1. If you take the residues in segment A:96-112 that are polar (S, T, N, Q) and not in a loop (DSSP other than H, G, I, E, B), which one is surrounded by the most Cβ atoms within 10 Å (Cβ to Cβ)?
2. Filter segment B:89-99 down to residues that are assigned to a strand (DSSP E or B) and in contact with a Leu (Cβ under 6 Å, 6 or more places away or on another chain) and give me whichever is farthest from B:SER19 (Cα to Cα).
3. Looking only at segment B:68-87, how many residues end up being under 12 Å from B:SER19 (Cα atoms), more than 10 Å from the chain's Cα centre (by Cα) and of a type in the set (S, T, N, Q)?
4. So how many residues does segment A:76-95 have that are under 26 Å from A:LYS14 (Cβ atoms), of a type in the set (A, V, I, L, M, F, W, C) and buried (at least 19 other Cβ atoms within 10 Å of the Cβ)?
5. From the list A:SER94, A:SER65, which residue is touching a Leu at 6+ places or on another chain (Cβ under 9 Å) and within 14 Å of chain B (Cβ to nearest Cβ)?
6. Can you work out which of the residues in segment B:22-67 that are aliphatic (A, V, I, L, M), more than 21 Å from A:PHE103 (Cβ to Cβ) and within 14 Å of the chain's Cα centre (by Cα) is nearest to the other protein chains (Cβ to nearest Cβ)?
7. Can you name the residue in segment B:100-111 that is at negative phi and assigned to a loop (DSSP other than H, G, I, E, B) and is also farthest from the other protein chains (Cβ to nearest Cβ) among such residues?
8. Restricting attention to segment B:53-72, does a residue exist that is closer than 20 Å to A:LEU43 by Cα and crowded, with 20+ Cβ neighbours inside 10 Å?
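What follows is calculated from the coordinates using simple rules that are stated; it is not laboratory data. Computed from a prediction, not measured in an experiment: that's the story for all the values here. Please note: Cβ atoms are built from the backbone with ideal geometry, for glycine as well, and neighbour counts cover all protein chains shown.
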Amino acid sequence: DGGITQSPKYLFRKEGQNVTLSCEQNLNHDAMYWYRQDPGQGLRLIYYSQIVNDFQKGDIAEGYSVSREKKESFPLTVTSAQKNPTAFYLCASSAAPNTEAFFGQGTRLTVV
Amino acid sequence: GESVGLHLPTLSVQEGDNSIINCAYSNSASDYFIWYKQESGKGPQFIIDIRSNMDKRQGQRVTVLLNKTVKHLSLQIAATQPGDSAVYFCAETTGRRALTFGSGTRLQVQP
């Protein structure tokens, strides 16, 4: 089955630790995205990548880092510099930036 | 389940009625628009999209209307069913930008 897989579904980390969220797609899409979702708000863009080995900051990139070494993978690292990391993180991909984005099922990160 | 949005505007309709969900956007250069449905604890699912060279597009039980003059987008759901209960987001983009999402509307369908 084609799609986007995010893992894990739930993640708990201690304050001050870095944590990496996985996102893999087998849709052969060039573009991939990371969004953050908090209660009462829509999705906010963290980072996006239009092609392998290239990525751009979104609206709330501070405290996050990404890599795009392979077309199918776009991992997101939440660093200790992120002041309020507890949120629902969504990864998406699209064939091109101006087309439908397909979303994974999300990772719920809780920092304790 | 997960809470998608505790303070979202809510539209409550009776099963079988038509629903209309509205969205305003600010970027007059936006040329591609999408509606997504998000159920609790899940990722958004594509419903329907429209490009700026169109005013209306229809799918199965859904219609999207675009008014570029007032920068307004609406989603109409015919014969709303309990399974339509979810949070609905509009999103827009132009050029090579990533999608920008609205804040969402919760649709509650009363049986």
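1. Only one residue fits best here, namely A:THR107.
2. That would be B:THR93.
3. 3
4. 6
5. Matching residue, one of A:SER94, A:SER65: A:SER94.
6. B:ALA24
7. This residue is B:PRO111.
8. No, that holds for no residue.
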